[in-house]
Amino acid sequence: MDAAALSVSWVGPSTPLMDGASFKGGGDRSESVRRFGDCANVFWRAIPPDHLRAHPDYVPLPLTRHVRAESAADFWRFRQSSVQWDLLHRGRITGSKVPALLGLYEPHAHRTLRTPVSLVSHSKVVRAYKELLDQPLRQDALLRDLNAEYEANRLATFDHKSMDPGPDTVWRQHEPKTMTDAGRFQHRMQYCPPADLVMNAAAGAVSPLEARLKWGMAQECTAVLAALNYFCALPGASVHEVGMFALEALYPDAASLLQAYPDCKVTQDTMPLLGASPDGLIQMADGTQAVLEVKNSAPFVWSKRSDKHRTGRLAVAMKEPHSCIGHWISAQLQLEMLCVGPHCRLAFLVACTGTSGCNVLRVARDDAFISRMLLFCSHFTQQYVYPKRQPPRDFYPDALSGSLRREYAALERDLKRIQSSAVVEVHVPDVHIQRSPHNGDYFLN
């Protein structure tokens, strides 16, 4: 599919199920499930991280107590959500912050880039700014703290064992029963979690907003597994778990960064810490690497008696997967490719739903945008973080003048070009999304 065919906006359509309608529970389940309720089950048929790590085609990271960092080149080996991974965020611009720092959630971006109203919020850059005020540790102190768990484990007098289940516990070789089963999206492994290893739904959500915020994290492994099943059908391909890639591992000083991006205008005094944590790294048989990012859309909306009146209950909506990449996500993907290394030229986004399958989208690296992104990350650090001056509303471009204002207009054009160049690699129907056979009710009550 070419870029011109991508006519559906990032905010995908959703159709709530009407009272009396029948709904099948997605995946390979055929029985009907409840379509209305008061408390959404955000762990609906979710796959736990340890089960994903046990998949034979997935390359997991070791337990953090077995990782010793010698330099910034080792930071990516610490699992996401670990204490070490949190420590690496101190004073660092990351993928979650960079859209806000570029002004992509400001009212101006709604007018020029059509950022959805639901995402426009000046509070996002204020929060990112306040987090960047936290001073990062010096390299020697950082390495000491990162390796504290490793050193404690090394000195222990007993053996620590991983709680990760082995492949034989939850994965079985799949045997197709029909010719249809052996088709394009067939899973090589069958997921068979025993009851005592099932992820329990500990908490739910009582509004669509709360469900959206919780669903993305709860369902992340399901979307990564969808990517794994698609890419690992290619001979020699694999999907790797990764932590944070720190930019200083590639460019330890401003001089080395300027050699690669001479127009970014950073100096040693204004070079900020940058890093990115993709949801995975795809390795092809020829050595090509691509970053993997997943986004999950929660299927919950307010139930309505009519177009104007809510019932106060939640309903399950048939939401189509997004078919283009929002510019705020484009910025995140470009930062991820930058931090992985100059050899990383592609990013894949898996846009996954709870009802209608997923789209796998592909976007290429754009070094012109990356150069301007570095320029404005450095500018933000110099103008707001170092002097501890909170950025005003529409700080970009209102606070810019001259050549910087022209560069910001060029950055906006870059984002439009990147968005139009993204393509849908494949649509995976919901019946081929591999999920847990347990916890199949959309609602907890």
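The values are calculated or read from the model by the stated rules, or taken from the named source; none is laboratory data. Note that the coordinates shown come from a computational prediction; the quantities given were computed from them, not determined experimentally. Here the Cβ positions follow ideal geometry from the backbone for every residue, glycine too, while neighbour counts run over all protein chains shown.
Here are the numbers:
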quantity: Subset of region 398-445 (residues that are in contact (Cβ under 8 Å) with a residue 60 or more places away in the chain and of a type in the set (Asp, Glu)); calculated: Asp398, Glu412, Glu425, Asp430, Asp441
quantity: Residue satisfying all of: in region 266-290; under 14 Å from Thr94 (Cα atoms) and under 18 Å from the mean Cα position of the chain (by Cα); surrounded by the most Cβ atoms within 10 Å (Cβ to Cβ) among these; calculated: Pro278
quantity: Scan of region 59-89 for residues that are of a type in the set (A, V, I, L, M, F, W, C), touching a Ser or Thr at 6+ places or on another chain (Cβ under 8 Å) and in a loop (DSSP other than H, G, I, E, B), ordered by number; calculated: Leu63, Phe78
quantity: Condition check for Pro321: more than 19 Å from the chain's Cα centre (by Cα) and not in a strand (DSSP E or B); calculated: no
quantity: Selected residue (criterion: modelled with the highest pLDDT) from residues of region 133-174 that are in a strand (DSSP E or B) and touching a Cys at 6+ places or on another chain (Cβ under 8 Å); calculated: Trp171
quantity: Candidates Arg372, Arg362, Arg345, filtered to the one that is surrounded by 21 or more Cβ atoms within 10 Å (Cβ to Cβ), basic (Lys, Arg) and closer than 24 Å to Glu293 by Cα; calculated: Arg372
quantity: Residue within region 191-203 that is touching a Ser or Thr at 6+ places or on another chain (Cβ under 9 Å), modelled with pLDDT of 80 or more and closer than 17 Å to Trp44 by Cβ present; calculated: yes
quantity: Single match in Val67, Val83, Val59 (criterion: over 24 Å from Arg372 (Cα atoms), β-branched (Val, Ile, Thr) and over 21 Å from the mean Cα position of the chain (by Cα)); calculated: Val67
quantity: Residue list for region 219-249, restricted to those being of a type in the set (A, V, I, L, M) and either assigned to a strand (DSSP E or B) or modelled with pLDDT under 95 (or both); calculated: Ala233, Leu234, Ala237, Val239, Ala246
quantity: Failed criterion for Phe43 (all others in (1) modelled with pLDDT of 95 or more; (2) under 18 Å from Trp215 (Cβ atoms); (3) assigned to a loop (DSSP other than H, G, I, E, B); (4) of a type in the set (A, V, I, L, M, F, W, C) hold); calculated: (1)
quantity: Residue list for region 237-265, filter: buried (at least 20 other Cβ atoms within 10 Å of the Cβ), acidic (Asp, Glu) and under 19 Å from Ser378 (Cβ atoms); calculated: Glu248
